[in-house]
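Here's the structure, in structure tokens; my notes come after.
Taken together, the values in this text are just the output of simple stated rules run on the coordinates, not laboratory data. Just so it is clear, the model here is predicted, and its values are computed rather than measured. Ideal geometry is used to build each Cβ from the backbone, glycine not excepted, and the neighbour counts take in all protein chains shown.
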Amino acid sequence: MNTSTHYAPARCSVSGCEAFALTGADTCWTHLPDRDGWRAMLADLDLNAAWLAEVDLSGRDLSGWDLRSARLSEACLRGANLSGADLRDAFLDGANLVDANLEDANLEFAILGGADASGACFRNANLQRSNLVGTRAHGADFSGANLYYARPGNADLEGANFHNARIQRTIFRRANLKNADLSGVEGSANFENANLEGAAR
Ligand SMILES: [Zn+2]
């Protein structure tokens, strides 16, 4: 078993494959022979800065897990329970976070660019300085979340709930906030060219 990580990823053992091996495996996700077995021992691994690109952990209970700096790019986390998880500096670009539970999760400096978090719950999450550029989060719940200096530029946040969220210096440039709930927000954000049609202030 290799010790592939975000900082020192090892190549997938399948010849000709250019992808990196997952932490705790010899192959990339595509070539992983025993996905259930790998998933079953995940909880016992040190996943700090783990290489977890493209994995399918949909519907899994990852609550409270330490996933700092983990590479979860293009991962399927649909419906996963990530409440209270430590995702500081994690890469969630292009990830499927539809209906995932990220309540109280720590996402400071996390990258969610191009991710789909529609219907996800970010209630009271720490999203300070996170990258949400182009993130799709239709109807997501950001109530009580801290979005200080977060960058949801070009994000599609239609119908999202920001009730009582902290949006000091949040950059909503060109974001779609149609029908979003911005009631009780704290701080002044940049709404340059954002669509605020029907948004509640
Ligand atoms: Zn491979």
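Test of understanding: what is the full-extension gain from THR30 to ASP66, defined as 0.36 nm times their sequence separation minus their Cα-Cα distance?
10.5 nm
Using a Gaussian network for the chain with springs between C-alpha atoms less than 10 Å apart, which of these wobbles most: ASP36, ASP181, ASP46?
Of ASP36, ASP181, ASP46, the most mobile in the Gaussian network model is ASP36.
Using the Cα centre as the reference, give the magnitude of the dipole from point charges on the C-beta atoms of the chain (Lys, Arg: +1; Asp, Glu: -1; all else neutral), rounded to the nearest 20 debye.
It works out to roughly 600 debye.
Roughly how far apart, in whole Å, are the Cα centres of the range 78-94 and the range 1-63?
16
With each run of n ≥ 4 DSSP H residues scored as -39500 (n - 2.57), what mean residue ellipticity at 222 nm is computed for the chain after dividing by its residue count and rounding to the nearest 500 deg cm²/dmol?
It lands at -1000 deg cm²/dmol.
If you check each cysteine of the chain for another cysteine whose beta-carbon is under 4.7 Å away, which ones come up empty?
If one checks each Cβ against the other cysteines of the chain, CYS76, CYS121 turn up with nothing under 4.7 Å.
Enumerate the amide H contacts of CYS76 below 5 Å, restricted to partners 5 or more residues apart or on another chain; note that Pro and chain-start residues carry no placed amide H.
HN-HN under 5 Å from CYS76: VAL55, ASP56, LEU57, ASN96.
Can you list, bin by bin at 5 Å, the percent of alpha carbon pairs in the chain, starting at 0?
Here the calculated profile for the chain is 2, 9, 16, 22, 17, 13, 9, 6, 4, 2, 0, 0.
Which Cα, out of ILE171, SER83, PRO152, lies furthest along the positive dipole direction of the chain (beta carbon charges, K/R +1, D/E -1)?
Checked the options; the winner is ILE171.
Using 0.36 nm per residue, how much length does the chain from ASP56 to ASN164 gain when fully extended, once their Cα-Cα distance is taken away?
Here the segment from ASP56 to ASN164 would lengthen by 35.6 nm.
Starting from the amide H of GLY159, placed 1.01 Å from N in the peptide plane, find each other amide H under 5 Å away whose residue is 5 or more places distant or on another chain.
Amide H neighbours of GLY159: GLY139, LYS178, ASN179, ALA180.
Under 5 Å between amide H atoms, partner at least 5 residues away or on a different chain: which partners does ASN195 have, H built in plane at 1.01 Å?
ALA175, ASN176, LEU177
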